[in-house]
Amino acid sequence: MSTNSLVDEPVEDFASRLETVTDDELFGTMNELEKASNAAEEGEAAEEIFSRIALAESEIERRYPGRLLAPYREWKQRQPLL
């Protein structure tokens with residue numbers, strides 16, 4: 001999924017979709033959002049990206065209670081092309 005579609009999708013739909021995706025899809029979404037946040041300039045677009053990062057973080061923490069973002073960091077280390 002492209003970064004634009006991640007940001008353009010209504011936030012309610014984005015949050016609902018996060019609940020149903022696989023772990024790999026969730027981690028991939030988080031990775032794309034991180035890349036977008038690094039490229040974004042300050043302003044509304046950056047705020048929108050950061051709010052979606054917070055939603056993705058919350059979903060990771062819901063799936064892995066007490067582990068915070070460790071599963072995502074472990075996933076990133078296993079991805080040779082990131």
Worksheet item: In Å², what does the accessible area per residue of the chain work out to with a 1.4 Å probe?
Response: 64
Worksheet item: If you plug each phi of region 10-17 into the Karplus form 6.51 cos²θ - 1.76 cosθ + 1.60 with θ = phi - 60°, what whole-Hz ³J(HN,Hα) values come out, in order, with x for Gly and Pro?
Response: x, 4, 5, 5, 4, 4, 5, 5
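Suppose every K and R has +1 on its Cβ and every D and E has -1 on its Cβ; what is the size of the dipole of the chain about the Cα centre, in Debye to the nearest 20? Walk me through the intermediate numbers first.
Details: 9 positive and 19 negative charges, 117 e Å.
So the dipole magnitude of the chain works out to roughly 560 debye.
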Worksheet entry | Residues Thr20 and Glu48, FRET efficiency given R0 of 22 Å [Cβ-Cβ distance, rounded to 0.05] | 0.55
Fill in: Positive-end extreme of charge dipole, the chain - chosen from Phe14, Ala39, Gly28 (charges on Cβ)
Gly28
Worksheet item: Can you pull the semi-axes for the chain, root of five times each eigenvalue of the Cα gyration tensor, sorted largest first, whole Å?
Response: 20, 15, 12
Worksheet entry | Percent accessible area from carbon and sulfur atoms, the chain, protein chains only, probe 1.4 Å | 49
Worksheet, complete the sentence: The ³J(HN,Hα) series, computed from each phi in region 34-43 with the Karplus coefficients 6.51, -1.76 and 1.60 at θ = phi - 60°, rounded to the nearest Hz and given as x for glycine or proline, is 4, 4, 5, 5, 5, 8, 6, 8, 4, x
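Of Lys35, Lys76, which has the most accessible area and how do the rest follow, probe 1.4 Å? Before the final figure, lay out each step's value.
Values: Lys35 105, Lys76 75 Å².
Heavy-atom accessible area, descending, gives Lys35, Lys76.
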Item to complete: Please compute the net charge surrounding Val21, taking Lys and Arg as +1 and Asp and Glu as -1 over other residues with Cβ under 12 Å from its Cβ.
Response: -3
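The values are calculated or read from the model by the stated rules, or taken from the named source; none is laboratory data. Nothing here was measured: the structure is a model prediction, and the numbers come from that model. All Cβ positions, glycine included, derive from the backbone under ideal geometry; neighbour counts span all protein chains shown. Only protein heavy atoms, including side chains, enter the accessible area calculation; ligands, DNA and RNA are left aside. Shrake-Rupley method; radii C 1.70, N 1.55, O 1.52, S 1.80 Å.
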